[in-house]
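Reading through the structure tokens given below for one structure.
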Amino acid sequence: MPSFDQLFAEHVATGLARQLALGDLIGDRGWQLDLGTGTVTFGDDLRYHIQLLGTESHGDGTWLWAWANEASNLPPALLRLCGWLRDHGHREGIAELTDPTFPLDRADGHRLALVASGLTGRCYYRGPYPGGAVFFHLDDAPPQITAPVRPERALSVLGQMLQSFPVDHRVAVESFLHQQSWRVEAAPAALVAHHPEGSTLRVDFDTLGRVSNMSGTVSR
């Protein structure tokens, strides 16, 4: 059975690509969550349906899944996605998806939401508030948010992911390229990937399995 760290490595880059695309869309707009209608509004012009994931408490440094937040009396219709993730965690033996609450240094909201993004195909938003933050997925984000990234952006997504998260480099890179529809040829110290539109990408690894070089050609 996969560990949470392995699951994170498999999904972090594609999840990050969706977050970068969402950031491009909403820019510096403010956000307003309406649990009654199950929607979030960004600025005056963007409105999407949501599914709740959970909350971070900065006071005691813990994560609480939305399905376990009985005190808040959350609408059951907004808990379907996190309930599905809990069931997936039970099937796969991944405690971070089934334990109701745990310290953030074990898995914080961003790590959990990136895994959830990879498993469900959605993007997420972190909404800060005094003392913590709420995490939720957008149910009906525009298709360009979740679509595969253009070949010219793949290198920047991979570079940012490798700088931001301690992961198994080879698992993260190879998983991302497969998920983004590249055909991957694996060698002991490198991956060579071919995009359907003709672009190529080569990723070299050192003796510790870390990325040592990335290069490619983009077909326009």
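Being surrounded by 14 or more Cβ atoms within 10 Å (Cβ to Cβ) and without any contact (Cβ under 8 Å) to a residue 60 or more places away in the chain is a property that residue 25 lacks. The residue that is nearest to residue 5 (Cα to Cα), among those in region 99-123 that are open to solvent by less than 50 Å² (accessible area, probe 1.4 Å) and assigned to a strand (DSSP E or B), is 102.
Against the numbered list (1) at pLDDT 95 or above; (2) farther than 20 Å from residue 117 by Cα, residue 161 comes up short only at (2). In region 164-192, the residues that are of a type in the set (Lys, Arg) reach residues that are open to solvent by 60 Å² or more (accessible area, probe 1.4 Å) with C-beta atoms within less than 9 angstrom, at least six apart or across chains, in these pairs: 170/186; 170/210; 183/196.
With respect to the conditions (1) assigned to a strand (DSSP E or B); (2) closer than 30 Å to residue 91 by Cβ; (3) open to solvent by less than 30 Å² (accessible area, probe 1.4 Å), residue 126 lacks only one, and its number is (3). When restricted to residues that are without any contact (Cβ under 8 Å) to a residue 12 or more places away in the chain and surrounded by fewer than 17 Cβ atoms within 10 Å (Cβ to Cβ), region 84-98 contains 3. Within region 57-83, being part of a helix (DSSP H, G or I) and either closer than 16 Å to residue 112 by Cβ or open to solvent by 30 Å² or more (accessible area, probe 1.4 Å) (or both) holds for 66, 67, 68, 70, 71, 72, 76, 77, 80, 81, 82, 83. Take residue 154 and tell me if it is aliphatic (A, V, I, L, M) and under 30 Å from residue 46 (Cα atoms). So residue 154 fits the description; yes.
Pairs meeting the criteria (first residue in region 54-76 and touching a residue at least 40 places away in the same chain (Cβ under 8 Å), second residue surrounded by fewer than 13 Cβ atoms within 10 Å (Cβ to Cβ), beta carbons under 8 Å, at least 6 apart or on different chains) are 57/131; 58/131; 59/131; 61/103; 61/105; 62/103; 63/103; 75/36. One residue alone among 81, 46 is without any contact (Cβ under 8 Å) to a residue 40 or more places away in the chain and aliphatic (A, V, I, L, M), and that residue is 46.
I'd like the residue in region 33-75 that is closer than 14 Å to residue 133 by Cβ and small (Gly, Ala, Ser) and, out of all such residues, is modelled with the lowest pLDDT. Result: 59.
The values are calculated or read from the model by the stated rules, or taken from the named source; none is laboratory data. Small disclaimer: the values here were computed from a predicted structure and weren't measured. Methodologically, a virtual Cβ is constructed for each residue, glycine included, from the backbone with ideal geometry; neighbour enumeration extends over all protein chains shown. SASA here: full protein model, heavy atoms, side chains in, ligands and nucleic acids out. Shrake-Rupley method; radii C 1.70, N 1.55, O 1.52, S 1.80 Å.
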